[in-house]
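Engineer: Provided herewith is a single structure, encoded as structure tokens, for subsequent inquiry.
The values are calculated or read from the model by the stated rules, or taken from the named source; none is laboratory data. These numbers were taken from a predicted model, which means no experiment stands behind them. When we count neighbours, we look across all protein chains shown, and the Cβ atoms used for this are built from the backbone with ideal geometry, even at glycine. For the accessible areas, the whole protein counts, side chains as well, though only heavy atoms, and no ligand, DNA or RNA atoms are used. Shrake-Rupley method; radii C 1.70, N 1.55, O 1.52, S 1.80 Å.
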Protein chains: 2
Amino acid sequence: MRNSPARRASPIGQMRRGVASSNDSEVRNRSRRGSGRPTLADVAGLAGVGSITVSRALRDPERVSPELRQRIAAAVNELGYVPNPSARALASARADVIGVLVPSLTNNVFSEVLRGIHEGLGDCPLQIQFGNTHYSDEEEERLLRVFLGQRPSALIVSGIDQGPTTRQMLEEAGCPVVQIMEIGPDPVDMMIGFSHLEAGKVVARHLIDVGCKRIGFLGARMDPRSRRRLAGYEAVMREAGHFDAALVTTTISPSSVSMGVSLFHKALERTPDVDAVICNNDDVALGVLFACHRAGLQVPAQISIAGFNDLEMMEVASPSITSVRTPRYEIGRRAIAMARAAIAGKRPQRTVVDLGFELKIRESTMRPAVLAL
Amino acid sequence: MRNSPARRASPIGQMRRGVASSNDSEVRNRSRRGSGRPTLADVAGLAGVGSITVSRALRDPERVSPELRQRIAAAVNELGYVPNPSARALASARADVIGVLVPSLTNNVFSEVLRGIHEGLGDCPLQIQFGNTHYSDEEEERLLRVFLGQRPSALIVSGIDQGPTTRQMLEEAGCPVVQIMEIGPDPVDMMIGFSHLEAGKVVARHLIDVGCKRIGFLGARMDPRSRRRLAGYEAVMREAGHFDAALVTTTISPSSVSMGVSLFHKALERTPDVDAVICNNDDVALGVLFACHRAGLQVPAQISIAGFNDLEMMEVASPSITSVRTPRYEIGRRAIAMARAAIAGKRPQRTVVDLGFELKIRESTMRPAVLAL
DNA sequence: AACAGGGATGGTAGCGCTACCAACAGGTAT
DNA sequence: ATACCTGTTGGTAGCGCTACCATCCCTGTT
């Protein structure tokens, strides 16, 4: 019941027999090897051309005369020919695969990036080979090694803090490499993202502007990007003379809404006088909002909340939550576009692209006076 | 700067010259084809065995004597040999690829499933080939066609409502097929999920039990699974004599928290007397919670809310939200386990697995009396 | 002692495609 | 008329691996 390709193949075999040398095809039908599916040679036989011409017509139609092109298209259609990517990869020593390494799948930031990557691909015949590093350098190195074994057409990796071995492998990969999410000095090849340090600064400045002084920082899963946001916060707080190490509450445990609740409780214990919290992402911010609601703390009258990433729900939360809009989807799309351009030999003029970010100011950080309007 | 594989390959080439016939290797070095990386034959030369023995040692070590196995392992290590998956796929007419089709990446339900799939894979040498159908039958069919062109080892598809062409392609795929998320009659091959109809019934019954009568149903992105949950709701409501078509507010637009807000507003307009809403997922439920908060409606005193999926945040929301816990991660893990077993020829005895679900009753649907305790 | 049986090993011939070169037509420059 | 392009087509030889046999050796049996 589960196995009919052999049956399906037989009409094709007969078709072939009528066109190619009959001896040939009979031998082929008896053979136990082979996939039983039409090949380039079958298409070529039916169209009455050489197989290499079919190959060209499929990959680079410009180089084949319109007449042959049409005959070949008809033959492809009739046989239901689908190219064999393994054979192509083997013959050309280059797989139509783009390796993508991200640190997490749970995190909806990266699912947005992945969506951008998939949609940026459109229907071009590239495959995405996807790997989850779980925020581990060793795992990243292992996965990269596996990916390189396939001779990918390009690589997309998250962040700019690869370990030395990983860094060297990327440099020697012999294919375009795009580092995403962040920008920094010394790219391996290309880079697209924004400055997390600046983003941290902007949020902190905003809260100082609206009159907050005891501004806490809550961070779960303190990856390198979160640490840079924290560094931006710290720089601005020091400059304003407000910095206090007790205001910073972080954990390396994974981020979640409930982790936001517990980080907030811990912060309240350490610094009961906090008048604002900056969260390293929106999950944590949402947890803080819920915790405030449960504790009867008025937002923003008694405490202001700022998040990071600007998930869609931030705008409709009650109160709506100030957050930094990050171009996650756009990063995915543009990363693929850059990779494709580089594969096609047209390296973009700008190899380091700063997509920036946007502070979305909402109710959770508005001054009472403004709210009253 | 970007291109060093050629340089890296040269010591390997020299190594090879010392072992294999020197004439051979010189020709090989001059050739412009080939990846420049060590091959099975190189490993075989260094270990002093036939290449087929190396192949066996790598795929099925039991069949090679311990002594040779060790020599081969040493040679692999020394050369840094990595098998070429394309060549393997071509020669064996079978790629070590599992095709996975899901309808959405935005939806965190499916990112959990994907996480389960990736983690269920462990470090076995299978690759996941992933496709996003965007809830479109045509797109599903197109992607399936692409996947089948690679002769995957197994296929994982979402839902049980494939179109006739897709259904036929799956039946003729000649590889194990796992349908996930749902169970139903007439599986293509294997199936893992739970009954959405039952889940819909259980939630509706619970709300009736706590004394609600005008129970609304809010649904965004009404895919087949959501429709079956709605059918369960409708059946129970009819049985209780509470059904009213005006209580059902749905849209095919994508689901989101803000869509939950607007669906709730629409429902309030049509049936201002609703005393509870069942949402087809937790995003919508969260939107309802925010809308209630903004409108000053007490939850659950004035209105009860139930969600679906039991995202982590439901438990810490304020009030916490009743939801149906669905085994998303587990579905991914088990689906891969079933696929791997089938690939290995050990088809599981149970080919249709019902993982069930669990109604998590929380504050948002508690009777005032219970809350007062 | 001859033989069958089984486990370990190797040789060979592809898998389906593309890189490379060769061939040839039809034009343009010499 | 010859040489020399340029553009289209085809032949051939692999890419690196595995399926399929053949071979070898070592048992155990008659």
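Engineer: Short version: ³J(HN,Hα) in whole Hz for each residue of the range A:342-350, in order, from phi by Karplus 6.51 cos²θ - 1.76 cosθ + 1.60 (θ = phi - 60°), x for Gly and Pro, what are they?
Structural biologist: Computed from phi, the couplings for the range A:342-350 are 5, 4, 6, x, 9, 5, x, 5, 9 Hz.
Engineer: Sticking with this structure for a sec: Pull up the cross-link candidates among the lysines for A:Lys213, meaning alpha carbon to alpha carbon under 21 Å and not fewer than 8 places away within one chain.
Structural biologist: List returned: A:Lys201, A:Lys266, A:Lys360.
Engineer: Near A:Ile336, within a Cβ-to-Cβ distance under 15 Å, what is the net charge of the other residues, with Lys and Arg +1 and Asp and Glu -1?
Structural biologist: Numbers: positive: A:Arg115, A:Arg328, A:Arg333, A:Arg334, A:Arg340, A:Lys346, A:Arg347; negative: A:Asp96, A:Glu112, A:Glu119, A:Asp123, A:Asp189, A:Glu330.
Computed value for this residue: +1.
Engineer: Can you give the direction-averaged projected area of the convex hull of the alpha-carbon atoms in the range B:303-373, in nm²?
Structural biologist: Working: hull surface 24.3 nm².
Directional mean of the projected Cα hull area for the range B:303-373 stands at 6.1 nm².
Engineer: Between helix A:282-295 and chain A, what is the angle of the helix's C-alpha long axis to the longest principal axis, kept within 0 to 90° and rounded to the nearest 10?
Structural biologist: Between helix and principal axis, roughly 40 degrees.
Engineer: Tell me, what is the percent relative contact order of chain B, built from C-alpha pairs under 8 Å that lie six or more residues apart?
Structural biologist: 14
Engineer: Counting only protein heavy atoms, probe 1.4 Å: which residues of the range B:295-319 lose 50 Å² or more of accessible surface in the full assembly compared with their chain by itself?
Structural biologist: So the qualifying set is B:Glu312, B:Met313, B:Val316, B:Ser318.
Engineer: Right, something else. Size of the dipole of the protein assembly as shown about the Cα centre, Lys and Arg at +1 and Asp and Glu at -1 on the beta carbon, nothing else charged, in debye to 20?
Structural biologist: On the way: 92 positive and 80 negative charges, 533 e Å.
In debye, rounded to 20, the protein assembly as shown gives about 2560.
Engineer: Tally Lys and Arg at +1 and Asp and Glu at -1 over the other residues with C-beta under 10 Å from the C-beta of B:Thr133: what net charge comes out?
Structural biologist: Values: positive: B:Arg142; negative: B:Asp137, B:Glu138, B:Glu139, B:Glu140, B:Glu141.
That sum, taken over residues with Cβ under 10 Å, equals -4.
Engineer: Let me ask you something else. Placing +1 on the Cβ of each Lys and Arg and -1 on the Cβ of each Asp and Glu in the range A:267-317, which of A:Ala301, A:Met314, A:Leu268 has its Cα farthest towards the positive end of the resulting dipole?
Structural biologist: A:Leu268
Engineer: Further question: A:Ser51 accessible area, nearest 10 Å², 1.4 Å probe?
Structural biologist: Accessible surface of A:Ser51 is approximately 60 Å².
Engineer: Now for a different question. Nearest 5 percent is fine: what portion of the DSSP beta bridges confined to the protein assembly as shown is antiparallel? Walk me through the intermediate numbers first.
Structural biologist: Values: 6 of 74 bridges.
Of those bridges, close to 10 percent are antiparallel.
Engineer: Still on this structure, I have one more. From the backbone phi of the range B:321-334, what are the Karplus-calculated ³J(HN,Hα) couplings (6.51 cos²θ - 1.76 cosθ + 1.60, θ = phi - 60°) in whole Hz, Gly and Pro given as x?
Structural biologist: These are the phi-based 3J(HN,Hα) values: 10, 4, 7, 9, 6, 10, x, 5, 4, 4, 4, x, 4, 5 Hz.
Engineer: Another question about this same structure. Please list the non-local residues whose amide H lies under 5 Å from the amide H of A:Gln129, H modeled 1.01 Å from N, same-chain partners needing a gap of 5 or more.
Structural biologist: Under 5 Å from the amide H of A:Gln129: A:Ile98, A:Gly99, A:Val100.
Engineer: If one computes the Cα centroid of the range A:199-223 and of the range A:322-345, what distance in Å separates the two points?
Structural biologist: Spelled out, the Cα-based centre of one part sits 27 Å from the other.
Engineer: Select from A:Gly116, B:Ala199, A:Ser55 the residue farthest towards the positive end of the dipole of the protein assembly as shown; place +1 on Cβ of Lys and Arg, -1 on Cβ of Asp and Glu, and compute about the Cα centre.
Structural biologist: Ranked along the dipole, the leading option is A:Ser55.
Engineer: Does any residue of the range A:85-107 lose at least 10 Å² of accessible area with all protein chains in place compared with its chain alone, and if so which ones (probe 1.4 Å)?
Structural biologist: Going by heavy-atom accessible area, the residues of the range A:85-107 that drop by at least 10 Å² are A:Pro85, A:Ser86, A:Ala87, A:Ala89, A:Leu90, A:Ala91, A:Ala93, A:Leu105, A:Thr106.
Engineer: Compute for chains A and B the buried accessible surface, both sides summed, probe 1.4 Å, and express it in Å² to the nearest 100. Mind showing how you got there, number by number?
Structural biologist: Details: alone 19190 and 19210 Å², together 32890 Å².
Chains A and B together bury approximately 5500 Å².
Engineer: Here is a follow-up. With charges set only on the Cβ (+1 for Lys and Arg, -1 for Asp and Glu), what does the dipole of the range B:186-342 come to about its Cα centre, in debye to the nearest 20? It would help to have the intermediate numbers written out before the result.
Structural biologist: Working: 18 positive and 17 negative charges, 41 e Å.
It works out to roughly 200 debye.
Engineer: Counting trypsin sites (Lys or Arg not before Pro) as exposed when in a DSSP loop with at most 12 other beta carbons within 10 Å, what is the longest stretch of chain A free of them? List each step's numbers first, then the result.
Structural biologist: Details: sites that count: A:Arg32, A:Arg33, A:Lys346, A:Arg350.
Maximal segment without exposed cleavage sites: A:34-345.
Engineer: All other residues with a Cβ under 10 Å from the Cβ of B:Gly184 taken together, and with Lys, Arg as +1 and Asp, Glu as -1, what is their net charge?
Structural biologist: Residues close to B:Gly184 contribute a combined charge of -2.
Engineer: Here is a follow-up. Using a probe radius of 1.4 Å on heavy atoms only, what accessible surface per residue do you get for the protein assembly as shown? Whole Å² is fine.
Structural biologist: Working: 32890 Å² over 746 residues.
For the protein assembly as shown, the solvent-accessible area averages 44 Å² per residue.
Engineer: What size of dipole, in debye to the nearest 20, comes out for chain B about its Cα centre when the only charges are +1 on Lys and Arg C-beta atoms and -1 on Asp and Glu C-beta atoms? Mind dumping the intermediate values first?
Structural biologist: Numbers: 46 positive and 40 negative charges, 338 e Å.
Value, rounded to 20: 1620 debye.
Engineer: Out of the total accessible area of the protein assembly as shown (probe 1.4 Å, heavy atoms of protein only), what percent is carbon and sulfur?
Structural biologist: Values: 16550 of 32890 Å².
Taking all protein chains in place, the protein assembly as shown shows 50 percent carbon and sulfur surface.
Engineer: Then there's this: Post the alpha-carbon centroid distance, the range B:59-95 to the range B:287-306, in whole angstrom.
Structural biologist: 62
Engineer: Would you mind getting the Kirkwood hydrodynamic radius of chain A from its Cα pairs, rounded to one decimal in Å? Intermediate values should be presented prior to the final figure.
Structural biologist: On the way: mean 1/r = 0.0416 Å⁻¹.
24.1 Å is the Kirkwood radius here.
Engineer: Provide A:Thr106, A:Thr271 ordered by accessible surface of protein heavy atoms (probe 1.4 Å), highest first. Walk me through the numbers on the way to the answer.
Structural biologist: Values: A:Thr106 85, A:Thr271 5 Å².
Sorted descending by solvent-accessible area, the residues read A:Thr106, A:Thr271.
Engineer: To continue, here is another question. Through the Karplus equation 6.51 cos²θ - 1.76 cosθ + 1.60, θ set to phi - 60°, convert the phi angles of the range B:264-269 into ³J(HN,Hα) values in whole Hz; use x for Gly and Pro.
Structural biologist: 5, 4, 4, 5, 4, 5
Engineer: Also, I was wondering about something else. Could you give log10 I(q)/I(0) at q = 0.11 Å⁻¹ for the protein assembly as shown, computed by the Debye formula over C-alpha point scatterers of equal weight, without solvent?
Structural biologist: -1.26
Engineer: How high is the relative contact order of the range B:116-215? Use alpha-carbon pairs under 8 Å, at least six apart in sequence, and give a whole percent. Please list the in-between numbers first.
Structural biologist: Values: 89 pairs, mean separation 16.7, N = 100.
That works out to 17 percent.
Engineer: Heavy-atom accessible surface, probe 1.4 Å, ligands and DNA/RNA ignored: which residues of the range B:123-164 lose at least 50 Å² versus the isolated chain?
Structural biologist: Residues of the range B:123-164 that lose at least 50 Å² of accessible area once the other chains are added: B:Gln127, B:Gly149, B:Arg151.
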